[in-house]
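The values are calculated or read from the model by the stated rules, or taken from the named source; none is laboratory data. Predicted model, so just to flag it, every value in this text is computed and none were measured. Methodologically, a virtual Cβ is constructed for each residue, glycine included, from the backbone with ideal geometry; neighbour enumeration extends over all protein chains shown. The protein model used for the area step is the full one, side chains on, heavy atoms only, and it has no ligands, DNA or RNA in it. Shrake-Rupley method; radii C 1.70, N 1.55, O 1.52, S 1.80 Å.
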Amino acid sequence: MKILALNTAEKSCSLALADNGRLVCESFCNLPVTHSITLMDMVNHLLTGMAGLTIDDMDGFVVAMGPGSFTGLRIGISVVKGLAFATSKPCAGVSSLDGIAWQFVSASRPVCAMMDAKRGEVYCAVYRFKNGKLVEKSREAALSPELSADCAGENAVFAGSGAQVHRQAIMNRLGAGADPVFVPDFQNHVKPAALAEVVFADPCLLMQDPGRIMPVYLRRSDAEITHEKTGS
């Protein structure tokens with residue numbers, strides 16, 4: 001089963017083509033332009049230029065459905081819905097936090113996936129894996145990094161942009177006796193190949209109705225909050 005997976009939940013834009021759990025090729029772009037400008041060119045280059053395939057060769061499509069950038073999520077989800085409608089192929093929306101945490105399926109420690117949510121908060125969830133399989137996942141939430149650290153515990157693996165930005169605050173919260181692991185920068189992004197792996201682990205996630213995939217925000221946008229305060 002060939003899956004094209006997209007991540008537009010962050011400032012960076014990334015794609016991966018995976019075939020039954022095997023990564024075929026991937027593409028990553030971190031430019032100061034909107035994803036709507038780069039995404040379709042990246043899709044065409046990945047499939048035609050790198051893999052020698054077409055959209056019709058895909059068996060399904062996967063997209064990060066949030067949390068993350070409000071505008072970015074809408075762009076990625078719209079593209080995947082369009083591809084699914086055009087090809088009559090199934091698609092799936094997978095949590096952006098899963099796209100971080102599933103890089104660490106072999107971890108014996110809890111994995112705290114954290115995305116920087118700005119305003120002193122992170123989007124986070126705590127995962128527990130055993131023998132390469134997910135056995136527990138906490139509720140996704142927008143929290144302070146300190147509360148996220150409390151949820152994860154003193155020996156967790158901390159990964160994602162939130163862990164990167166708030167590393168010192170997490171260390172201070174856990175205290176001197178803690179033994180956390182902070183992953184290197186290249187593992188702090190939502191990985192499309194990890195999004196695809198979630199679907200390979202549970203193919204039932206692939207939906208025949210693309211219209212059912214909706215963005216997950218966890219909190220209101222800054223624009224909504226400003227509008228409420230100003231009344232304009």
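In the range 1-116, what percent of the accessible surface is made up of carbon and sulfur (1.4 Å probe, ligands and nucleic acids excluded)?
54
In a GNM of the chain with a 10 Å cut-off on Cα contacts, which of Val33, Val216, Val198 has the highest mean-square fluctuation?
Top of the fluctuation ranking is Val33.
Once you wrap a convex hull around the alpha carbon atoms of the range 1-99, what is its projected area averaged over all directions, in nm²?
The Cα convex hull of the range 1-99, projected and averaged over all directions, gives 5.5 nm².
Nearest 500 deg cm²/dmol is fine: what mean residue ellipticity at 222 nm does the chain get from its DSSP H runs of n ≥ 4 alone, each adding -39,500 (n - 2.57), divided by its residue count?
So the calculated ellipticity at 222 nm is -9000 deg cm²/dmol.
Could you report the accessible area of Thr38 in Å², rounded to 10, computed with a 1.4 Å probe on the protein chains as they sit in the structure?
So the heavy atoms of Thr38 present about 20 Å² to solvent.
Starting from the exponent 0.38 and prefactor 2.2 Å, build the expected Rg for the range 38-163 from its residue count and divide its actual Cα Rg by it.
Dividing the Cα radius of gyration by 2.2 N^0.38 Å gives 1.22.
Where the only charges are on Cβ atoms (+1 Lys, Arg; -1 Asp, Glu), what is the dipole of the chain about its Cα centre, to the nearest 20 debye?
Here the size comes out at about 260 debye.
D for the chain, whole µm²/s, Stokes-Einstein with Kirkwood Rh over alpha-carbon pairs at 20 °C and 1.002 mPa s: what number?
119
State, to one decimal in nm, how far the label point of Phe200 lies from the label point of Glu26, with both points 7 Å from Cα in the Cβ direction.
Spacing of the two 7 Å Cα→Cβ label points: 1.2 nm.
At 1.4 Å probe size, what's the solvent-accessible area of Glu10? Round to the nearest 10 Å².
Ignoring ligands and nucleic acids, Glu10 comes out at about 20 Å².
Quick one: accessible surface of Arg22, probe radius 1.4 Å, all protein chains present, in square angstrom to the nearest 10.
Here the accessible area works out near 140 Å².
Leaving ligands, DNA and RNA out of it, rank Cys13, Cys151 by accessible area with a 1.4 Å probe, largest first.
Correct descending sequence by accessible area is Cys151, Cys13.
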